[in-house]
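Colleague: One structure follows; several queries about it will come next.
The values are calculated or read from the model by the stated rules, or taken from the named source; none is laboratory data. Not measured: the values here are computed from a predicted model. A quick note on method: Cβ atoms are made from the backbone with ideal geometry, for glycine too, and the neighbour counts reach across all protein chains shown.
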């Protein structure tokens, strides 16, 4: 009874009128414990709520749903008004927060901000996607799990419903990952652009070509991500996406190699082998299993008429399948937190990365 503004005494008055329909006010004073003023206030409150009605000097109880319908409608209207007011206040707070962040960015972050946790990254993706008006471009390498992609689905759907173009690039190995493939096919069927390539350099999402999120360490997804802004950063990142997109294969497209030409995956296997990467490192780059890789290498060696991997590389260059580049980021040593003692002495460490 308390939400209706009724105390125990008012409830006792109402119960008494139920047991004694047509009772008089003086009957209440006679049979209920409480001073006269308190009982009269309780009667007045019940009359105000229309739970009691006076009939020829007596008090008759009414059915609560009928009596309280007007009160409930009034309360509902008040709740709706408060909800609208809360929404307006929240929108104002969000605008002020964005103004504060952008005002602080030039001095504190110089166009970038580090995001440490998956929760922080996902929250930033939601915010940037909600503001996107034109397009969203994404590179999604092998370490982008099906769970992470499914978490993106509501974000992508909201953008598509608002007319924002969504373009995603996945690895060719996505066909071996059922959850990731399901997400990619869902996006393609809902108007998004989806393509595949043999390898991707890093995780990257670009919103409206003005803001980008990218992995801090391409070799360690747990290291977090960084948000970057500014034309200098974004021009290079957009160019990277466009170059990779130019060589992609549409999702579920029939990819039949012409003649004896290698497929994009086979060509990438040759390129990575030529850089001296181990089989395990190549598998990680392509997102495939070790057995699949070694079967692909064996087939390439047979088609190239080679008895060794070195000979296969040489024959691939002779046929024009492979155009070696003297520079490659894959061969650069990864930065370490601190130098190992044997490295300081000029000797190679036993823990040297396979990418070195």
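Colleague: In the list 292, 296, which residue meets the criterion of being outside the structural domain of residue 209 (by TED's automatic domain parsing), modelled with pLDDT of 85 or more, on the phi < 0 side of the Ramachandran plot and surrounded by 19 or more Cβ atoms within 10 Å (Cβ to Cβ)? Show your work before the answer.
Modeller: Numbers: 292 fails: surrounded by 19 or more Cβ atoms within 10 Å (Cβ to Cβ).
Going through 292, 296 in turn, just one is outside the structural domain of residue 209 (by TED's automatic domain parsing), modelled with pLDDT of 85 or more, on the phi < 0 side of the Ramachandran plot and surrounded by 19 or more Cβ atoms within 10 Å (Cβ to Cβ): 296.
Colleague: I'm trying to understand the selection: among the residues of the stretch 181-192, which are surrounded by fewer than 16 Cβ atoms within 10 Å (Cβ to Cβ) and touching a helix residue (DSSP H, G or I) at 6+ places or on another chain (Cβ under 7 Å)? Write out each step before concluding.
Modeller: Initially, the stretch 181-192 is screened for residues surrounded by fewer than 16 Cβ atoms within 10 Å (Cβ to Cβ), giving 182, 185, 189-191.
Once the filter is applied, which keeps residues that are surrounded by fewer than 16 Cβ atoms within 10 Å (Cβ to Cβ) and touching a helix residue (DSSP H, G or I) at 6+ places or on another chain (Cβ under 7 Å), the stretch 181-192 yields 190, 191.
Colleague: Give, as residue ranges, the helices (runs of 4 or more DSSP H) completely inside the stretch 215-322 that count at least 1 residues that are over 26 Å from residue 117 (Cα atoms), touching a strand residue (DSSP E or B) at 6+ places or on another chain (Cβ under 8 Å) and in contact (Cβ under 8 Å) with a residue 60 or more places away in the chain.
Modeller: Working: elements: 231-246, 264-274, 279-286, 290-304, 309-319.
Qualifying helices (runs of 4 or more DSSP H): 231-246, 264-274.
Colleague: While we're on this one: Among the residues of the stretch 8-47, count how many are modelled with pLDDT under 80 and either surrounded by 15 or more Cβ atoms within 10 Å (Cβ to Cβ) or within 24 Å of residue 76 (Cβ to Cβ) (or both).
Modeller: Here the count works out to 1.
Results for (1) surrounded by fewer than 15 Cβ atoms within 10 Å (Cβ to Cβ); (2) in contact with a helix residue (DSSP H, G or I) (Cβ under 7 Å, 6 or more places away or on another chain); (3) in the same structural domain as residue 120 (by TED's automatic domain parsing), shown as yes or no for each residue.
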{"position": "153", "(1), (2), (3)": "yes, yes, yes"}
{"position": "157", "(1), (2), (3)": "no, no, yes"}
{"position": "166", "(1), (2), (3)": "no, yes, yes"}
{"position": "174", "(1), (2), (3)": "no, yes, yes"}
{"position": "179", "(1), (2), (3)": "yes, yes, yes"}
{"position": "194", "(1), (2), (3)": "no, yes, yes"}
{"position": "199", "(1), (2), (3)": "no, yes, yes"}
{"position": "217", "(1), (2), (3)": "yes, yes, yes"}
{"position": "222", "(1), (2), (3)": "yes, no, yes"}
